[in-house]
Amino acid sequence: MKDTVTKTDLVFRGAGAGDAAFAADVDTAVRPRSPRDPEVYEYWWAQPDENWVIARFVVSRAGRRVGYAVAQHPRWDVQPERYGTVEGNLLPAERTKATLDVVYASMEERVIADGAKILSAWTNEDDPVRIETLRGRGYKEDRHSRRWELDLVANRERLLAMTEESRSRMKKEGIRMLTLATDDDPNVIEKIWKLSEEAGGDVPTTEPRVPEEMASYTRWVNAPEIHRDRFWIARMGDDVVGVSVLGYPPVRGLVGTEWTATARTVRGRGVARALKCETLAQAIALGVDRVRTGNDAANDPILHINETMGYRLIPGGIQYLRAV
């Protein structure tokens, strides 16, 4: 991929040190009720990914940074269907259908030049400017992602009672609940990764899932929003059979579910609910007032758990696709 692209009066240059924090500021300015963490952005923009080709840019206008853009796709030997993802955002004062159109056009050129056959872009349900831009570029709505928010203050007693019930059930099932920080198995990360790869393959999707290498998974475990003493796992004997993690942004942002998964062998036994209960009870003890989570709209089991825990729906996400 080339390093610089220019379209009309918007200039695209390769992102460098400090630009990830600016991107977090842009996203926060656009959606102030969902602030994004600059330290988390800086960490992830600095990480490699074994199975992805990623190009990130800062968008400038008249010499001033006004946004960012990303063009990425899996390695084609990993995903021969050749999906390419385009994304980006602009500060509210610069954010129009016309300027977003330029951002998408520039990123599309890059992934198509790399060989993409299907273009993918995500938007929020309550972002009419982006939705109009994508539809105008020929994208068609494909999948919905549900997003939820849980008031931990209003639901405190119910959640703590549910946690005690789950603990009792797990004890009867012979399943131990503990944090990663208290697990002394030297191979625990590998076991969690293998479990997550199995579970990841069961998540409903149109775009073929790209496998995650263990090195990439380890980078996630070590990310600034992840705390090993808040990283919950379920064990049956020597096996890790479940995981649930809340991310805690270090600078700004809302606490939210990073990942919840269970082994196929224990599904239907309340392990996912028990793990989520432990993360929420811990968040309550830490003084967190609300948490968020998100799931594919077709993932019925986890949607049911969210509903029974008291989560309420908030605007979700939409994936749009376009054949090249």
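The values are calculated or read from the model by the stated rules, or taken from the named source; none is laboratory data. Quick caveat: nothing in here was measured; it's all calculated off a predicted structure. Methodologically, a virtual Cβ is constructed for each residue, glycine included, from the backbone with ideal geometry; neighbour enumeration extends over all protein chains shown. The protein model used for the area step is the full one, side chains on, heavy atoms only, and it has no ligands, DNA or RNA in it. Shrake-Rupley method; radii C 1.70, N 1.55, O 1.52, S 1.80 Å.
Of note:
- Near pairs, Cβ below 8 angstrom, 6+ apart or cross-chain, from the stretch 103-126 (of a type in the set (Lys, Arg)) to any residue that is buried (at least 17 other Cβ atoms within 10 Å of the Cβ) and at pLDDT below 95: ARG110/VAL5
- Among residues of the stretch 53-100, those that are touching a residue at least 40 places away in the same chain (Cβ under 8 Å), surrounded by fewer than 19 Cβ atoms within 10 Å (Cβ to Cβ) and part of a helix (DSSP H, G or I), counted: 1
- Verdict on GLU141 being open to solvent by 70 Å² or more (accessible area, probe 1.4 Å) and either at pLDDT below 95 or not in a strand (DSSP E or B) (or both): no
- Members of the stretch 144-180 found to be over 20 Å from VAL271 (Cβ atoms), open to solvent by 60 Å² or more (accessible area, probe 1.4 Å) and touching a Lys or Arg at 6+ places or on another chain (Cβ under 7 Å), listed by number: ARG147, ASP151
- In the stretch 144-191, the residues that are assigned to a strand (DSSP E or B) and farther than 30 Å from ILE318 by Cβ: ARG176, MET177, LEU178, THR179
- When the residues of the stretch 19-52 are filtered to those that are closer than 19 Å to GLY317 by Cβ and free of Cβ contacts under 8 Å to residues at least 24 places away in the same chain, the one that is least open to solvent (accessible area, probe 1.4 Å) is ALA24.
- Residue match in the stretch 81-96 (condition: among the basic types (Lys, Arg) and farther than 17 Å from GLU132 by Cα): yes
- Positions within the stretch 101-135 being under 15 Å from VAL324 (Cβ atoms) and of a type outside the set (A, V, I, L, M, F, W, C), in sequence order: TYR104, GLU108, GLU109, ARG110, ASP114, GLY115, LYS117, SER120
- Residue within the stretch 106-114 that is assigned to a helix (DSSP H, G or I), surrounded by fewer than 14 Cβ atoms within 10 Å (Cβ to Cβ) and modelled with pLDDT of 95 or more present: yes
- The residues in the stretch 194-206 that are open to solvent by less than 50 Å² (accessible area, probe 1.4 Å) and in contact (Cβ under 8 Å) with a residue 24 or more places away in the chain can be counted, and the count is 5.
- Single unsatisfied condition, SER120 versus (1) out of contact with any Gly (no Cβ under 9 Å at 6 or more places or on another chain); (2) open to solvent by less than 50 Å² (accessible area, probe 1.4 Å); (3) polar (S, T, N, Q): (1)
- Unique residue being modelled with pLDDT of 95 or more and touching a Gly at 6+ places or on another chain (Cβ under 9 Å) when the list is ALA93, ALA46, ALA23, ALA29: ALA23
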